[in-house]
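Read the figures in this text as sums done on the coordinates, not as results from a lab. Computed from a prediction, not measured in an experiment: that's the story for all the values here. Cβ: placed from backbone, ideal geometry, glycine included. Neighbour counts: every protein chain shown.
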Amino acid sequence: MDKEISGKKISEIDVANPKCLNMPFDRFKKIVVGKTVKSVESKGKWIFIKLEGDYVLLFNPGMGADVISFKAGGKLPEKYQLKFVLNDKTGFTIRVWWFCYLHLVQASKLSEHKLTGKLGANPVDKDFTPDHFKQLLAKKKGNIKTFMLDQKNIAGIGNVYIQDMLFCAKIHPQRTIPSLSEKEMQALYESMRSVLNESIQLGGLKYEKDFYGKNGRYGPGQFKIAYKPDKPCPVCHTTIQKIKTGSTSSFICPKCQP
Ligand SMILES: [Zn+2]
């Protein structure tokens with residue numbers, strides 16, 4: 001997205017669901033149309049579209065969304081709720097699966113934005129080191145799975161990815177943080193990075209689309225124990241169990257993750 005739209009000017013916007021905006025559509029349009037995109041970045045489940053003139057467009061796809069580019073004169077998808085047209089007549093449409101947020105904020109006031117201002121560390125950032133991870137865990141009391149899924153601690157891990165991260169580190173999801181050894185923290189850091197990087201390399205999950213409309217390739221073939229109840233553990237062949245952990249489900253090998 002950064003490669004395709006940076007440096008281009010936004011010339012037209014359609015919003016069929018103005019409830020996703022944080023201001024009336026007229027005002028939103030007045031500020032955004034005519035602005036050049038400086039860069040596009042991501043953090044956690046948010047896309048940050050930086051615009052000239054100290055503005056940032058913040059997009060959160062909720063349960064998921066197809067954000068797909070189109071060429072000048074190209075065919076648009078049948079269904080979408082948002083459309084951005086750029087000055088060279090290319091652009092992108094967004095089809096939201098359930099709900100989304102599209103907020104316009106001033107860059108200087110980004111830290112005050114309720115939903116993104118407190119986002120935690122980016123787990124795939126090269127500056128996010130094992131020491132940084134261990135510092136985050138220091139003095140924390142709750143259980144490790146809840147901690148990892150809380151976007152204020154680490155931004156971007158959901159219930160799909162956490163399963164194999166804990167399995168590869170041989171940590172039960174209900175272990176408390178103070179009970180983790182230094183070695184286990186290191187193992188969890190490494191599995192967190194490797195699970196996410198593998199998915200990124202494969203273009204994301206199979207049911208997700210990239211900016212060109214191509215589906216990801218990360219799915220059950222890559223999962224180790226995630227969403228595989230009653231199948232054998234790939235390491236010790238013990239039957240994988242599905243258990244309830246708070247408000248989420250967990251998949252564990254009871255032998256590898258005591
Ligand atoms: Zn096992």
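Note that segment 167-258 shows a convex hull volume over its alpha carbon atoms of 114 Å³ per residue.
Using Cβ contacts closer than 10 Å as the measure, can you line up C236, C168, C253 from fewest to most?
Details: C236 10, C168 20, C253 23.
Ascending number of Cβ neighbours within 10 Å: C236, C168, C253.
Taken over segment 22-61, the alpha-carbon convex hull comes to 73 cubic angstrom per residue.
How do Y80, Y212 line up, fewest other C-beta atoms within 10 Å first? Spell out each step's value before the answer.
Numbers: Y80 19, Y212 9.
Ranking Y80, Y212 by Cβ neighbours within 10 Å, fewest first, gives Y212, Y80.
Of all the C-alpha pairs in segment 1-40, what % are more than 12 Å from each other? Value for segment 1-40 (Cα pairs over 12 Å): 61 percent.
From the mean inverse distance of alpha carbon pairs (Kirkwood) and the Cα radius of gyration, derive Rg over Rh for segment 118-197. Kindly include the intermediate steps, with their values, before the conclusion.
Details: Rg = 11.1 Å, Rh = 12.3 Å.
In segment 118-197, Rg relative to Rh is 0.90.
Shape descriptor for segment 69-188: Rg over Rh equals 1.12 (Cα atoms; Rh from the Kirkwood inverse mean 1/r). Springs between Cα atoms under 10 Å define the GNM used for the chain, and in it the highest mean-square fluctuation of S181, S247, S39 occurs at S247.
The H on the amide N of Y101, modeled in the peptide plane, is under 5 Å from the matching H of N60, G62, each at least 5 residues off or on a different chain.
Evaluating 6.51 cos²θ - 1.76 cosθ + 1.60 at θ = phi - 60° for every residue in segment 199-213, the Karplus couplings come out as 5, 4, 4, 8, x, x, 5, 4, 8, 9, 10, 8, 5, 9, x Hz, glycine and proline recorded as x. The Rg/Rh ratio for the chain, using Cα coordinates for both the radius of gyration and the Kirkwood hydrodynamic radius, is 1.02.
Step through the table entries K75/K228; K3/K134; K50/K140; K228/K255; K43/K141, compare each Cα-Cα distance with 27 Å, and write down the pairs that go over it.
On the way: K75/K228 39 Å; K3/K134 34 Å; K50/K140 34 Å; K228/K255 15 Å; K43/K141 25 Å.
Check vs 27 Å cut-off fails for K75/K228; K3/K134; K50/K140.
Counted over segment 1-153 with a bin width of 5 Å, the fraction of Cα pairs per bin, in whole percents, is 2, 8, 16, 20, 19, 13, 9, 6, 5, 2, 0, 0.
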